[in-house]
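Heads up, the thing below is written out as structure tokens.
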Amino acid sequence: MSSVWVVLVMVAGYMALLAGISYVVRRSSKTAEGFTNGGKSFPAFLIGFLLMSEFIGTSATIGTAQAAYKVGISAAWNVVALAIGFVLFGLFIAKRFRKLGHNTISGALAHTYGDGTRLATSVLMTVALLIVAVAIYAAGGAILHELLDISQSWATVIIGVLATLYVVIGGMRSVVYTNVLHALLKLGTVALLVFVGLHRVGGLDQLSRKLPATAFSLDGVGWAQIVAWLIAGIGAIFATQYVVQAVVNVDSPQRAQQASFYSALLLIPFGILAAVVGMCSTILYPKIKSIDALPALAVDMDPVATGFVMCGLTGAILGSIAALILGTSTLMMRDFYRPYFNRSGDDRKDLVFLRIATFAAGVIPILLALYASDILSVTFLAKSLRASLAVLVVLMFFKPSYGSKKAAMWSIILAVPATIGWFLAGDPFGVDNAYIAVATPLVVMTIGHLVRGSQPEAARAHATEA
């Protein structure tokens, strides 16, 4: 029991440090704009850390280890796909988003496709971000369950409430600064777990001898799954609210590009290390549930080491949840509350709504998290949903004349039930839901383009305006 207290004191100290940072920068969250964008531009390397930290929550950390427990090193593709996505985002998209200047993905798409697409995008993005929050809470609950030996349900509720309160207080500026600390701790956490795991296994040589050769195959999980991870991961980066919200907070398009590259450099080693943790647990704890691959090793160490790991995992929870629910509340304010309930633009009303929406977005996923088991699959579903928006983002920047405004709106409306329905049906015929998410807007936009092209000139001009 004394070991548990050592860990709890360390985590409490870390939370106190985060609270101190939030208190110091609290003045930037006294207006609605300050709450959502931090009040001024940030250096590229800070945004790079922020982006990395936002995508590596407990769901990615524990989910990658969970997958590696079953399939080996190829589970790292789940995170490496994100790194590839950030490289492509930096090369082709980041500068363009920065030049547009919109701090919501819905606002950016509405620039080309109109208000119908704006509202549909907000709904889809809100659903996707809340699904990610479900996975993060479930993973955090698994950690606290292992540490305190309390029911996983209560552990999940505690994690959700604490994470929500953390974000409601601080706003965007505290999220940026604390996520730098979170990112460093996350890397240190998985590095420590790999060191301890390999030491107990007997080193890399023993790891390779005790695991089947397939565990070290780069395509052990199967190329169909790897390609699906790439589609979903790249798509999520191209069209996620908190990515857009981050890259518009640097002072130039070039800095936006640099931030994307910094994030990619941080993600690759993280994915590989998290996978190795799962592989070590396969040998050390052969009879546990796969979801406990990382938590089992985390609590089976010296109390100080466990405390350090728990601080890192706490950072993983808070860093991602902060981005998710802040992004969700920003969308709700700009696309629903301000246009319909605060047309006068009263900043005090906006700020009150932001804090209420932030609290609601943090609490609602707790209920669903009580029933989430396969964390990586749930996270992947959310990425797939965002990949459908990525199709529109690419068309918007590189082929804005393709399709139509109505087709863009309907492609989003249809993508949500199609993707979620395919996921709930168990991905029939071995076709991953990521392919459905991308195919739906492509088909709808193509139909819209053909229909518009077959209309007389006058009717086509009217359809374009619509």
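The values are calculated or read from the model by the stated rules, or taken from the named source; none is laboratory data. What you see is a predicted model; the values in this text were computed from it and never measured. Cβ coordinates were reconstructed from backbone atoms using ideal geometry, including for glycine residues, and neighbour counts include every protein chain displayed.
A few points about this structure:
- The residue that is farthest from the chain's Cα centre (by Cα), among those in the stretch 290-325 that are of a type in the set (Gly, Ala, Ser) and within 16 Å of residue 277 (Cβ to Cβ), is 305.
- Verdict on residue 393 being under 19 Å from the mean Cα position of the chain (by Cα), within 15 Å of residue 128 (Cβ to Cβ) and aliphatic (A, V, I, L, M): yes
- Counting residues in the stretch 383-393 that are out of contact with any strand residue (DSSP E or B) (no Cβ under 8 Å at 6 or more places or on another chain), modelled with pLDDT under 90, within 27 Å of residue 65 (Cα to Cα) and outside any loop (DSSP other than H, G, I, E, B) gives one or more.
- Any hit, the stretch 257-265, residues being modelled with pLDDT of 90 or more, over 14 Å from residue 79 (Cα atoms) and not in a helix (DSSP H, G or I): no
- The condition of being in contact (Cβ under 8 Å) with a residue 24 or more places away in the chain and either part of a loop (DSSP other than H, G, I, E, B) or over 24 Å from residue 85 (Cβ atoms) (or both) holds for only one of 304, 243, 277, that being 304.
- Test: residue in the stretch 427-442 that is among the charged types (D, E, K, R) and farther than 25 Å from residue 380 by Cβ: no
- Verdict on residue 316 being in contact with a Gly (Cβ under 6 Å, 6 or more places away or on another chain), at pLDDT below 90 and of a type in the set (Gly, Ala, Ser): yes
- Residue ID - surrounded by the fewest Cβ atoms within 10 Å (Cβ to Cβ), chosen from residues in the stretch 384-424 that are in contact (Cβ under 8 Å) with a residue 24 or more places away in the chain and polar (S, T, N, Q): 404
- The stretch 313-350: number of residues that are surrounded by fewer than 24 Cβ atoms within 10 Å (Cβ to Cβ), assigned to a helix (DSSP H, G or I) and either touching a residue at least 24 places away in the same chain (Cβ under 8 Å) or of a type outside the set (A, V, I, L, M, F, W, C) (or both): 12
- Selection of first residues in the stretch 53-81 that are more than 19 Å from residue 146 (Cα to Cα) and of second residues that are of a type in the set (Asp, Glu) and crowded, with 24+ Cβ neighbours inside 10 Å, restricted to Cβ pairs under 8 Å at least 6 apart or on distinct chains, gives an empty result.
- Those helices (runs of 4 or more DSSP H) lying entirely in the stretch 90-163 with at least 2 residues over 21 Å from residue 333 (Cβ atoms) and basic (Lys, Arg): 94-100
- Applying the set (1) modelled with pLDDT of 90 or more; (2) among the β-branched types (Val, Ile, Thr); (3) under 28 Å from residue 416 (Cα atoms) to residue 156 leaves exactly one unmet item: (1).
- Per-region count, the stretch 425-441, residues surrounded by 18 or more Cβ atoms within 10 Å (Cβ to Cβ) and assigned to a helix (DSSP H, G or I): 8
- Qualifying positions in the stretch 27-48 - crowded, with 23+ Cβ neighbours inside 10 Å and modelled with pLDDT of 80 or more: 47, 48
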